[in-house]
Every structure is written in structure tokens, then in C-alpha cells.
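Engineer: What follows is a single structure, and I will ask about it in a moment.
The values are calculated or read from the model by the stated rules, or taken from the named source; none is laboratory data. All values derive from a computational prediction rather than experimental measurement. In this analysis, Cβ positions are derived from the backbone assuming ideal geometry, glycine residues included, and neighbour counts consider all displayed protein chains. Heads up: the accessible areas ignore ligands, DNA and RNA and are worked out on the full protein's heavy atoms, side chains in. Shrake-Rupley method; radii C 1.70, N 1.55, O 1.52, S 1.80 Å.
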Amino acid sequence: MYRDAPHPIRLEDYRPPEFLIDRVDLNFDLDPDLTRVAASLQVRRNPAATRGDGSLTLHGEQLELDGVSLDGYPLTPAEYRLDAESLTLLRVPDSFLLQTWVHIHPASNTALEGLYQSGGMLCTQCEAEGFRRITYFLDRPDVMARYAVTLVGDKARFPVLLSNGNPGESRDLGDGRHEIRWEDPFPKPCYLFALIAGDLGLVEDQYTTASGRPVGLRIYVEPHNLDQCAHAMVSLKRAMRWDEERFGREYDLALYMIVAVSHFNMGAMENKGLNVFNDKYVLARPDTATDQDFAGIEGVIAHEYFHNWTGNRITCRDWFQLSLKEGFTVYRDQEFSAAMGSSAVKRIHDVRGLRAHQFAEDAGPLAHPVRPTAYIEINNFYTSTVYEKGTEVVRMQANLLGPALFRKATDLYFARYDGQAVTTDDFVTCMEDASGRDLTQFRRWYEQAGTPQLWVKGEYDGADGSYRLSVRQFTPATPGQQQKRPLHLPLAIGLLDAGGQELALRLSDEVGDACEAPLPPGTRVLEVRAAVEHFRFVGLPERPVPSLLRGFSAPVKLHFDYSDQDLEFLMARDTDGFARWDAAQTLMQRVLLRLVAEPGSDAPSAFFGACRLALLDTDVAAALRAEVLTLPGESYLADQMRVVDVDGIHRAREFLRRRIGEELRDDLMAVYAAQAETGPYAFNPESAGRRALKGLALAYLMAGGGEEALTRCRDQFAAAHSMTDVMVALRLLVDRGGPAGEAALVEFYRRWSTEPLVIDKWFSIQATSIRADTLEQVFHLMDHPDFSLRNPNRVRSLIGAFCTGNPVRFHAADGAGYRFLADRVLELDPLNPQIASRLLKSMIRWRRFDQGRQELMRAQLARVLDAAALLSKDAYEVASKALEGT
Ligand code: B3K
Ligand code: ZN
């Protein structure tokens with residue numbers, strides 16, 4: 001807990017470590033109440049660092065020190081200094097063996113950092129700075145060591161004892177305990193250390209790498225979950241193959257282990273050879289998991305696997321470089337998921353997420369560059385900017401270089417930096433060295449926060465058949481960064497003729513330039529560098545309709561003065577699936593914002609016509625049709641308004657949903673019927689797409705009202721063909737209210753009360769319901785025997801879902817939602833600061849609302865900050881930044 005004013009850590013203060021640790025030998029005597037950790041560290045002075053005062057300071061928090069010795073000689077308290085965060089040895093030689101003995105208390109560790117208890121097992125989470133809660137160490141990623149680990153534990157309670165690398169000798173200690181040794185041959189930073197002790201079942205498989213080496217694959221879960229691992233295993237094998245083919249990366253150990261735990265702060269963790277997963281991203285059966293869950297598992301399994309090269313073999317020099325591993329690894333998992341399914345649909349999902357979270361972050365008080373320059377608590381910087389914008393920055397480099405040169409550049413990166421801790425700058429240098437291109441200006445993407453805006457204008461000259469595109473860019477100021485410089489970015493475009501055919505893109509050679517990119521035929525990538533750029537295309541027989549920012553080639557907001565007709569045209573005819581969806585989003589946003597401004601008006605009939613065309617266009621895959629017809633969310637619409645009109649947006653969106661349901665009723669019925677499932681559930685892009693379209697049709701039909709829709713909805717719930725179908729129907733029945741909704745909730749709980757991940761869904765559905773009494777229900781559910789503040793999945797599924805997934809109820813004008821959130825944050829912060837601080841972020845953009853709501857949110861943020869002396873660094877940093885300048 002924070003008591004003194006916390007000081008920020010700054011990138012400019014980075015210095016190489018004064019000491020290095022080559023070998024680590026750890027011995028754990030495991031017990032949930034009291035675990036003893038003995039550490040032997042082979043330490044030496046770093047020849048590349050400047051000499052300090054001869055002392056060595058190790059990180060350590062919440063450790064109870066039982067002894068220290070240096071080269072075998074015990075140290076007396078006079079020879080070291082100990083405080084709540086460190087152990088300083090006052091005089092040390094240039095090279096020595098340091099031994100420490102500490103004890104820790106896993107069972108009372110509710111922060112879920114370091115060694116903690118989850119259900120009956122013990123597990124670890126060390127990234128970013130959890131290792132210091134296990135033993136005294138140089139807990140920084142640029143200190144890489146080889147580890148040997150001995151685990152001792154009760155045989156009955158902990159029959160399975162795991163750590164990184166390869167298993168060594170094991171023996172029975174004769175007193176009811178056993179011991180096993182693990183050795184990891186690869187040097188690693190301590191944040192990749194892991195251990196697991198528990199009574200776990202195991203699903204096993206084999207993989208042969210491209211060069212013919214066998215790898216044992218093991219997924220460990222609680223024994224009753226053994227029937228829910230198949231999809232994770234298939235995903236893992238596919239990811240391993242894909243990484244060999246696409247990036248030339250092979251796995252390097254004889255064993256790859258995944259362990260699913262029920263208490264976990266994030267999605268999963270890429271510990272070397274021993275990934276620890278939130279069970280939500282491992283467990284799935286057709287009856288328990290939705291298509292979205294299946295896709296999530298595929299993506300996260302791949303993500304953690306890909307980290308083995310991008311993160312583990314090559315790691316970050318310091319935590320400011322977090323995006324080096326996260327941006328690149330998310331890029332890799334996005335590309336993998338695109339290859340396993342539809343690349344347009346995958347891109348749509350990712351861009352929707354980016355716009356909802358990252359653009360919002362960039363426009364608020366927590367805006368920061370992809371490579372931040374200062375933090376109080378690094379856990380607050382596992383953000384959408386570092387992850388998702390960081391991914392876009394990698395993707396832009398791939399777009400600028402084209403596939404062949406990008407691959408050459410990543411090969412160079414892997415060859416040059418294997419076994420090292422490096423920076424985002426080193427990554428860009430590889431892009432430059434492999435391609436011969438100058439990315440000096442491009443590097444600004446890592447330094448500059450804020451979402452760039454592009455204003456594009458097009459002028460057709462019938463006399464000479466030319467089309468002039470002018471592009472102006474501007475990045476708005478963000479906290480601490482008033483002046484922004486122009487960015488170098490790839491702008492992918494196509495030009496369509498009136499019949500929807502791609503026109504040949506020939507630039508008059510005197511202005512601009514272009515390069516090839518991995519985008520649809522007919523597309524060209526223009527390189528924008530200056531604040532204002534002009535591109536002139538020649539040889540055009542007619543006025544074209546431009547299709548701009550295809551594939552979302554750069555993370556910007558693009559404005560072009562399209563008519564409604566242009567948007568309807570692009571929505572129906574663009575050859576780029578992403579651009580079709582984007583045109584539909586722009587049109588829907590326009591219609592919705594008009595409805596907000598003029599309550600009582602209706603959408604134009606041409607709009608319904610365009611929706612009908614998109615719904616019935618069977619040349620387009622069902623999944624893409626479902627995306628095209630999905631209205632922008634309320635939070636996204638809110639981001640488009642100068643002052644958010646919470647109720648107006650909700651009213652307009654519900655109204656338009658109803659109107660689409662009414663206008664398209666017969667077509668929706670037909671489409672719904674046409675997607676009926678015949679065989680058993682299977683997760684594949686085709687059938688998931690059909691279920692998505694079916695769900696969308698049912699939702700509009702229910703919005704349109706009538707008995708027939710309700711009957712369909714009840715039938716779908718009762719048939720329970722898949723969890724995807726059940727969840728769609730449950731959502732609709734609950735939102736509609738009345739006895740049918742109540743009955744469905746009771747039935748759902750009865751059926752699934754023994755499956756925690758399904759019960760999470762049950763909590764979420766209620767927390768995100770648009771019903772007026774939702775907050776009351778949430779209060780009520782907090783007393784439910786299945787609810788616990790100590791399980792992050794539960795907290796997210798009830799409290800998180802209400803605060804971030806239910807804008808109209810969370811932002812109720814009386815401020816009850818805000819009070820509720822502040823109360824929960826204050827309650828959670830002493831237990832689990834990471835979760836508390838994440839929740840608090842839902843009020844961060846309070847300045848965007850009307851005066852009344854601003855006041856109410858500000859007061860609750862101030863209430864949280866008033867607890868400063870007791871607050872964690874995590875929550876303190878968020879609350880204080882939220883209120884900066886007040
Ligand atoms: N690297 C982990 C995140 C660790 C969380 C730190 N608070 C998850 C991932 O990106 O794979
Ligand atoms: Zn990651």
C-alpha cells in the first residue's frame with residue numbers, strides 16, 4: 001500500500017544494471033500458509049555498467065528474511081540494510097555467491113502477484129514485478145539468468161509440481177512429501193519464472209517441429225475439467241505450425257506446458273515452457289462455451305505461445321519497452337487468427353476493439369505513447385495503447401515494407417537479438433536495415449500519444465481524367481504533450497467506378513509515392529508524411545468513389561465528405577470487406593447521431609434499403625453480413641459527441657433497432673430460418689458466421705416486437721443447440737423483462753451451477769441488462785453465494801460488466817452507478833490493487849459528460865483519492881491523473 005507520495009519511474013533514468021545474475025538456484029518448501037524459499041544467486045559486476053558505491057540493492061516486498069550469506073559466510077544485520085521494498089548489501093566483491101532464506105504466505109496473497117493460492121493449488125504470477133514477492137532479486141527484465149528449481153511439497157495435496165524448463169530428478173522424501181527438480185537451459189528474466197503445485201489432471205499430446213524435434217504438449221487442469229481441453233490443444237498445435245511457416249520460428253524445449261487456474265488477474269502468462277492461464281482461455285465444450293469463447297482461446301493460446309520468441313527469447317530491456325513484446329505478439333496472434341478464419345472479420349473485430357478502447361484512452365487523461373516515458377505503477381500500463389496501438393504500429397511497418405521485406409526484417413530481428421533484452425528502437429532498426437528504408441519519422445509513433453486525424457478531399461478533373469486526393473493530418477494535444485509532429489503512415493486506398501469495379505491506380509509520377517502491401521487487389525498504399533500531402537491519379541474515365549483506409553492501414557480517424565449514397569454504395573460494393581463494414585458503420589453512426597439530435601424523427605427509407613441489401617447479399621459470407629449490420633455501440637457513439645448524451649444515445653439506438661426489426665421483419669425471418677443448424681456444433685468460421693447472422697436476425701426481430709419473434713427466441717433458448725445460441729436468446733429474454741426472462745435466468749442457473757465460467761456469463765447478462773432496475777439487481781447479486789470479490793473473473797463479470805458494458809445504467813443521472821463503483825474500488829483496492837485500478841478507469845473520462853454527471857463523477861474520484869494514505873500505487877495513479885488540473 002502506498003503511504004509516502006509515490007515517485008514516478010522515468011525512461012530517461014534508465015541505466016544498465018550494475019550487477020548481473022548468471023545462475024539462480026531456488027528451493028521451495030511449499031505450504032499455502034508458510035512457504036520457505038532458499039535462493040542461491042551467482043552474482044557478478046556488469047562490465048558494461050558504471051561502478052557505483054560498492055553496494056548491491058535487491059528488490060524484495062512482503063518477504064520475511066530468515067538469513068543471508070555471501071560466499072558461504074552468514075551476514076550480520078550490520079552488513080545489510082533492509083526496508084519494505086529492498087535488501088541492500090553494503091559491500092560486495094566483484095563476483096560472489098549470494099544466498100538468502102525467506103518465508104512468504106501464499107494463502108493470504110489476494111493481490112495474485114508472486115506466489116498465491118488459487119483453489120487448491122499454488123501458482124505464480126511474476127510479470128511485471130511479482131518475483132520480488134518470492135525472493136530478493138534484481139527484478140528487472142534486463143537481468144537474464146539460468147534457473148534450477150527444487151520444489152518440495154506434500155504428496156497428497158500437491159502430487160503435481162511444475163516449474164520452467166525440463167524436469168530433472170524427483171524423489172520421495174519419506175515423510176509424506178516429495179521433491180522434484182526443474183532446470184531451464186534458456187537464460188530468462190525473472191518475470192518469466194513460474195511454479196505450480198496442485199492436484200491436477202493432464203491432457204497430453206505430441207508435436208514434431210519442422211526440423212523433426214519431438215515436443216511433449218501438456219495441458220494441466222483440475223481433474224473435473226479434463227473434458228474441456230481439446231480445443232486449446234488443437235489451437236496450440238495450429239499455432240506452432242503457423243509460426244514455423246509464417247515467421248520461421250520453432251519451439252525450443254522438449255516440453256510445453258499450460259496450466260489453467262481459476263484466480264488470475266489477466267488472460268494468461270507466457271512463463272518459459274510453463275504458461276499459466278486464466279481458465280477462461282483454456283476450457284471449452286460446445287455446450288459451455290460460445291463461438292467468441294472458442295475464438296478467444298485460439299487467440300490467447302497462440303499469443304502466449306508466440307511470446308516464446310517475441311518476449312522470452314528476445315525480451316524487453318525495461319518496462320517502457322513493453323510494447324516491443326506485446327505489440328509484436330498481438331500482431332502475430334491477430335495474423336494467426338485471421339489465417340484460421342476470415343481475415344476481414346478478424347480485422348473488423350480488432351478495429352472495433354481499438355476504436356472502443358484505445359481511441360478512448362488516447363482522448364482521456366491516461367493518454368500515453370506506445371512507449372511511455374514515466375509510470376508510478378507499471379501494472380497500470382498493460383493498456384490498449386501498449387497492446388493494441390502497439391500492434392497497429394507493427395502492422396504499419398508490415399504495410400510499409402510489404403510481406404517479403406517484413407519477413408526479412410523479422411528474421412533479422414530474431415537473429416540479431418536472440419538471448420537479449422532490447423528496445424522498440426532496436427526493432428525499428430531491423431526494419432530499416434532489412435529494407436534500406438529510413439524510418440526516422442516513423443519512430444514518432446512510439447513517442448507521440450493521441451489519435452491522428454486525417455481530413456481527406458478528392459477532386460475529379462473530367463478534362464484530363466485525373467483525380468486529386470489531398471490529405472491533411474493533425475494529432476490533438478494530450479496531457480503533457482501539447483505539440484505534435486506529422487507522422488509517417490501508410491494509407492491504403494482503392495478507387496471504384498460506378499459499377500463497383502476497381503479502377504487502375506496510376507499516380508502521376510511527380511507527386512507522392514506508393515508501395516505494395518498485403519492488401520486486396522486494386523489497393524495501393526500511399527505514404528503520408530507531411531502535414532498536407534497531395535496525390536494525383538491519372539487515366540480515370542469517370543469520377544471515382546474512393547475507398548479509403550482499406551484494411552485500416554493506419555490507426556487514425558479519417559474524415560471524408562461522403563454522401564449517404566456514397567456510403568450505401570461502398571457498403572454494398574467495396575471489394576475490401578473491412579471497408580464495407582466501415583462504410584456501414586459511418587452511415588449508421590450518421591443516422592444514429594441525427595436521431596439523437598432530432599428525437600421523434602425516423603431514419604431515411606434508403607437506409608433501410610441499404611440494410612436489406614446487405615442482409616440478403618448471399619455472395620457475402622454470413623459472418624461479414626452480421627458485422628456489416630451491427631450498429632455501433634453506445635460508448636463508441638458517445639465518443640463521437642462533443643458532450644455525451646447518455647440517454648439520447650440509448651434511446652436513438654433502441655429506436656433504430658426496433659425500426660430495422662419492423663422494416664425488415666420478413667427478410668429477417670427468412671434469414672433466421674436459413675441459418676438453422678443441421679449437424680452437431682462445430683467451431684469453424686463458416687458455422688460460427690451462420691450463428692452470428694442468426695443471432696443478429698433474432699435480435700432485430702425481438703426489437704421489432706411481436707409474438708412470433710418471442711416464440712423463436714424461447715425455442716432457441718430451450719433447444720440449447722450451442723452456448724452461442726443460448727446466450728443470444730437469454731440476453732434478449734432478460735432485456736425484454738417479465739416472466740419469460742426470469743424463468744430463463746432460473747433455468748440457466750439450474751443447468752450450469754457447477755460450471756463457474758458459465759456462471760460468470762449468468763452474472764454478466766444480468767449486469768449488462770438495459771432494464772431500469774439493473775443496479776439494484778447487481779447489488780442483490782453481490783450477496784449471491786457464488787459471488788466473491790476475491791475472484792477476478794467474478795468481479796469482472798458482475799462489477800466490471802456493469803461499469804463498462806452498461807453505459808446507460810452506469811451513467812444514471814442520479815450518480816448511483818458512480819457511487820457504487822467508488823465503493824467497490826475502495827473495497828477491492830486492499831485486496832487486489834490491479835483489479836481495483838482497472839475498474840476505476842471506467843470514470844476516467846468524466847470530463848466528456850454533462851455538468852451534472854461531471855460533478856458526480858469528480859466527487860467519487862475525489863473520494864477515492866482522499867483515501868490516498870491507504871491507497872495502492874495502482875489506484876492512486878489512476879485517481880490522481882483523472883483529477884489532474886481540478
Ligand atoms: N504478459 C502477460 C501480462 C502480464 C500482466 C502483468 N500485470 C499477458 C500477455 O500479454 O501475454
Ligand atoms: Zn502478451
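Engineer: Do we have R573 as closer than 18 Å to T630 by Cβ, of a type in the set (D, E, K, R) and surrounded by fewer than 22 Cβ atoms within 10 Å (Cβ to Cβ) here? Before the answer, list the steps.
Structural biologist: Values: closer than 18 Å to T630 by Cβ: no; of a type in the set (D, E, K, R): yes; surrounded by fewer than 22 Cβ atoms within 10 Å (Cβ to Cβ): yes.
Answer is no for this residue.
Engineer: Something else now. Quickly run through region 25-41 and pick out the residues that are open to solvent by 70 Å² or more (accessible area, probe 1.4 Å) and assigned to a strand (DSSP E or B).
Structural biologist: R36
Engineer: Check K272 against each of (1) farther than 18 Å from H231 by Cβ; (2) in a helix (DSSP H, G or I) and name the one condition it does not meet.
Structural biologist: The one condition K272 does not meet is (2).
Yes or no, residue by residue, for (1) touching a Cys at 6+ places or on another chain (Cβ under 6 Å); (2) part of a loop (DSSP other than H, G, I, E, B); (3) touching a residue at least 12 places away in the same chain (Cβ under 8 Å):
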site	(1), (2), (3)
E627	no, no, yes
A638	no, no, yes
M641	no, yes, yes
A652	no, no, yes
D667	no, no, yes
A670	no, no, no
A673	no, no, no
G679	no, yes, no
R690	no, no, yes
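Engineer: Checking K389 against (1) open to solvent by less than 10 Å² (accessible area, probe 1.4 Å); (2) charged (D, E, K, R); (3) more than 15 Å from ligand 1 (Cβ to nearest atom), only one condition comes out false. Which one?
Structural biologist: Just one mismatch for K389, condition (3).
Engineer: Of everything in region 589-611, what is assigned to a loop (DSSP other than H, G, I, E, B) and without any contact (Cβ under 8 Å) to a residue 24 or more places away in the chain? Give them in sequence order. Break it down into steps so the answer makes sense when it comes.
Structural biologist: If we filter region 589-611 for residues that are assigned to a loop (DSSP other than H, G, I, E, B), which is where we start, we get 598-604.
Answer for region 589-611, where residues must be assigned to a loop (DSSP other than H, G, I, E, B) and without any contact (Cβ under 8 Å) to a residue 24 or more places away in the chain: E598, G600, S601.
Engineer: Anything in region 163-199 that is touching a helix residue (DSSP H, G or I) at 6+ places or on another chain (Cβ under 8 Å) and closer than 16 Å to Y256 by Cα? List them, or say none. Before the answer, list the steps.
Structural biologist: Applying the first criterion (touching a helix residue (DSSP H, G or I) at 6+ places or on another chain (Cβ under 8 Å)) to region 163-199 yields 164, 190-191, 193, 199.
Result: N164, F193.
Engineer: Any idea which residue in region 49-66 is farthest from the chain's Cα centre (by Cα), counting only those that are open to solvent by 60 Å² or more (accessible area, probe 1.4 Å) and at pLDDT 95 or above?
Structural biologist: Among those that are open to solvent by 60 Å² or more (accessible area, probe 1.4 Å) and at pLDDT 95 or above, it is D66.
Engineer: Same structure again: Do we find a residue being in contact with an Asp or Glu (Cβ under 7 Å, 6 or more places away or on another chain), more than 12 Å from ligand 1 (Cβ to nearest atom) and free of Cβ contacts under 8 Å to residues at least 60 places away in the same chain anywhere in region 400-412?
Structural biologist: yes
Engineer: So, one more: Given (1) within 21 Å of D760 (Cβ to Cβ); (2) within 16 Å of ligand 1 (Cβ to nearest atom); (3) crowded, with 18+ Cβ neighbours inside 10 Å, identify the lone condition not met by Q228.
Structural biologist: Every listed condition holds for Q228 apart from (2).
Engineer: Return the total of residues in region 333-354 being of a type outside the set (S, T, N, Q) and over 13 Å from the mean Cα position of the chain (by Cα). Show your work before the answer.
Structural biologist: Of all residues in region 333-354, those of a type outside the set (S, T, N, Q) come to 333, 335-336, 338-341, 344-354.
Okay, now just the ones that are also over 13 Å from the mean Cα position of the chain (by Cα), so 335-336, 338-341, 344-348.
Here the count works out to 11.
Engineer: If E447 satisfies every condition in (1) among the acidic types (D, E); (2) over 29 Å from the mean Cα position of the chain (by Cα); (3) modelled with pLDDT of 95 or more but one, which is the exception?
Structural biologist: Exception for E447: condition (2).
Engineer: Let me ask another. If you check N271, N265, which single one turns out to be surrounded by fewer than 24 Cβ atoms within 10 Å (Cβ to Cβ), among the polar types (S, T, N, Q) and within 11 Å of ligand 1 (Cβ to nearest atom)?
Structural biologist: Of N271, N265, the one residue that is surrounded by fewer than 24 Cβ atoms within 10 Å (Cβ to Cβ), among the polar types (S, T, N, Q) and within 11 Å of ligand 1 (Cβ to nearest atom) is N265.
Engineer: Search region 246-269 for residues being within 23 Å of G419 (Cα to Cα) and in a loop (DSSP other than H, G, I, E, B), and hand back the single one that is nearest to ligand 2 (Cβ to nearest atom).
Structural biologist: Filtering first and then ranking leaves R249.
Engineer: A follow-up question, please. Kindly evaluate V734 against the criterion of being among the hydrophobic types (A, V, I, L, M, F, W, C), in contact (Cβ under 8 Å) with a residue 12 or more places away in the chain and under 23 Å from L656 (Cβ atoms).
Structural biologist: yes
Engineer: Give T586, T575, T618 a once-over and let me know the one that is without any contact (Cβ under 8 Å) to a residue 12 or more places away in the chain and among the β-branched types (V, I, T).
Structural biologist: Every option except T618 fails the conditions.
Engineer: Looking only at region 300-311, count how many residues are more than 10 Å from ligand 1 (Cβ to nearest atom) and open to solvent by 10 Å² or more (accessible area, probe 1.4 Å).
Structural biologist: Number of matching residues: 1.
Engineer: Against the condition of a type in the set (S, T, Y), open to solvent by 10 Å² or more (accessible area, probe 1.4 Å) and within 16 Å of ligand 1 (Cβ to nearest atom), how does Y417 come out, does it pass? Walk me through it before giving the result.
Structural biologist: Working: of a type in the set (S, T, Y): yes; open to solvent by 10 Å² or more (accessible area, probe 1.4 Å): yes; within 16 Å of ligand 1 (Cβ to nearest atom): no.
No: the conditions fail for Y417.
Engineer: Can you work out which of the residues in region 547-562 that are in a loop (DSSP other than H, G, I, E, B) and over 19 Å from P486 (Cβ atoms) is most open to solvent (accessible area, probe 1.4 Å)?
Structural biologist: It comes out as D561.
Engineer: Please give the strands (runs of 3 or more DSSP E) falling wholly within region 67-172 in which 3 or more residues are open to solvent by 10 Å² or more (accessible area, probe 1.4 Å), touching a residue at least 24 places away in the same chain (Cβ under 8 Å) and in contact with a strand residue (DSSP E or B) (Cβ under 7 Å, 6 or more places away or on another chain).
Structural biologist: On the way: elements: 80-82, 86-89, 95-104, 114-118, 121-125, 144-154, 160-163, 166-172.
Because the criterion is at least 3 residues that are open to solvent by 10 Å² or more (accessible area, probe 1.4 Å), touching a residue at least 24 places away in the same chain (Cβ under 8 Å) and in contact with a strand residue (DSSP E or B) (Cβ under 7 Å, 6 or more places away or on another chain), the strands (runs of 3 or more DSSP E) in region 67-172 that meet it are 95-104, 144-154.
Engineer: Across region 280-292, which residue is farthest from ligand 2 (Cβ to nearest atom) among those that are part of a helix (DSSP H, G or I) and surrounded by 23 or more Cβ atoms within 10 Å (Cβ to Cβ)?
Structural biologist: D291
Engineer: Do any helices (runs of 4 or more DSSP H) entirely within region 300-370 hold 3 or more residues that are among the hydrophobic types (A, V, I, L, M, F, W, C) and either within 15 Å of ligand 2 (Cβ to nearest atom) or modelled with pLDDT under 95 (or both), and if so, which?
Structural biologist: Where helices (runs of 4 or more DSSP H) fall fully within region 300-370 and carry at least 3 residues being among the hydrophobic types (A, V, I, L, M, F, W, C) and either within 15 Å of ligand 2 (Cβ to nearest atom) or modelled with pLDDT under 95 (or both), they are 322-340.
Engineer: Let me ask you something else. So, L745, is that one in contact with a Leu (Cβ under 9 Å, 6 or more places away or on another chain) and either polar (S, T, N, Q) or within 28 Å of D617 (Cα to Cα) (or both) or not?
Structural biologist: Taking the combined requirement at face value, the residue does not satisfy it.
Engineer: Can you tell me how many residues in region 696-736 are open to solvent by less than 10 Å² (accessible area, probe 1.4 Å) and small (G, A, S)?
Structural biologist: 4
Engineer: So, one more: Those residues that are open to solvent by 30 Å² or more (accessible area, probe 1.4 Å) and within 23 Å of N166 (Cα to Cα), I need them from region 239-248; list them, please.
Structural biologist: Residue satisfying the conditions is R241 alone.
Engineer: Also, quick follow-up: May I ask you to verify whether A517 is modelled with pLDDT under 95, surrounded by 15 or more Cβ atoms within 10 Å (Cβ to Cβ) and within 27 Å of the chain's Cα centre (by Cα)?
Structural biologist: Yes: the conditions hold for A517.
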